[in-house]
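Colleague: Sharing a structure below in structure tokens format, with a few things to ask.
The values are calculated or read from the model by the stated rules, or taken from the named source; none is laboratory data. Please read these numbers as outputs of a predicted model, since none were measured by experiment. No Cβ is skipped: glycine too gets one built from the backbone with ideal geometry, and neighbour counts run over all protein chains shown.
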Amino acid sequence: MDELYRENILDHYKRPRNWGTLDPADLEFEDKNPSCGDQLKVMMRVDDAGVVTDVRFDGHGCAISQSSASMASEELVGMTVDELRALDQDFILELLGIDISATRIKCALLSLKIIKSAAIGANVDWEDAPDAVPPASGTGPAAGF
């Protein structure tokens, strides 16, 4: 069974789904894993009800980080911003379907960190809240949401 999941991971790595940019994006965030160099940016459009209608990602890194982003991107359309905030590591680990070593867990969870960071920033108007502290890294939410 692990072999089937490994093939799926390689397929998403070689042929990522929802790869590219989304302009304009309502939510976006980017970050990197400094220990290994994985870099990822996630962009999402949401409707007036706060439901994700489109997702794109780009970046570079290992098969685990890029595959988890591709797999997650297929699941996000139709979720609300509140549902994005509630996601936990099981969301990504179940998508990958294999045991992830302690040294690779940051690679696997980079996309989750970025998705949640974009969703958390969705309700903060950074220009009207100068005392608000944006997440420690990344670009924060796109203007206009």
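Colleague: Suppose the filter is closer than 21 Å to A25 by Cβ, assigned to a loop (DSSP other than H, G, I, E, B) and at pLDDT 90 or above; does G78 pass it?
Modeller: Spelling it out, G78 is indeed closer than 21 Å to A25 by Cβ, assigned to a loop (DSSP other than H, G, I, E, B) and at pLDDT 90 or above.
Colleague: In addition: Tally up the residues in region 5-50 that are under 23 Å from E94 (Cβ atoms), outside any strand (DSSP E or B) and touching a residue at least 60 places away in the same chain (Cβ under 8 Å), please.
Modeller: Residues meeting the conditions: 5.
Colleague: Same structure, new question: Which residues, taken from region 58-74, are under 12 Å from the mean Cα position of the chain (by Cα), part of a helix (DSSP H, G or I) and surrounded by 15 or more Cβ atoms within 10 Å (Cβ to Cβ)?
Modeller: Result: S65, Q66, S67, S68, A69, S70, M71, A72, S73.
Colleague: Going residue by residue through region 15-37, is there one that turns out to be surrounded by 16 or more Cβ atoms within 10 Å (Cβ to Cβ), touching a strand residue (DSSP E or B) at 6+ places or on another chain (Cβ under 9 Å) and on the phi > 0 side of the Ramachandran plot?
Modeller: The answer is yes, given that some residue of region 15-37 is surrounded by 16 or more Cβ atoms within 10 Å (Cβ to Cβ), touching a strand residue (DSSP E or B) at 6+ places or on another chain (Cβ under 9 Å) and on the phi > 0 side of the Ramachandran plot.
Colleague: Taking E94 and the conditions (1) free of Cβ contacts under 8 Å to residues at least 12 places away in the same chain; (2) among the charged types (D, E, K, R); (3) in contact with a strand residue (DSSP E or B) (Cβ under 8 Å, 6 or more places away or on another chain), which numbered condition does it fall short on, given that it satisfies the others?
Modeller: Every listed condition holds for E94 apart from (3).
Colleague: For A108, work out the one condition from (1) part of a helix (DSSP H, G or I); (2) surrounded by 14 or more Cβ atoms within 10 Å (Cβ to Cβ); (3) touching a strand residue (DSSP E or B) at 6+ places or on another chain (Cβ under 9 Å) it doesn't fulfil.
Modeller: Exception for A108: condition (3).
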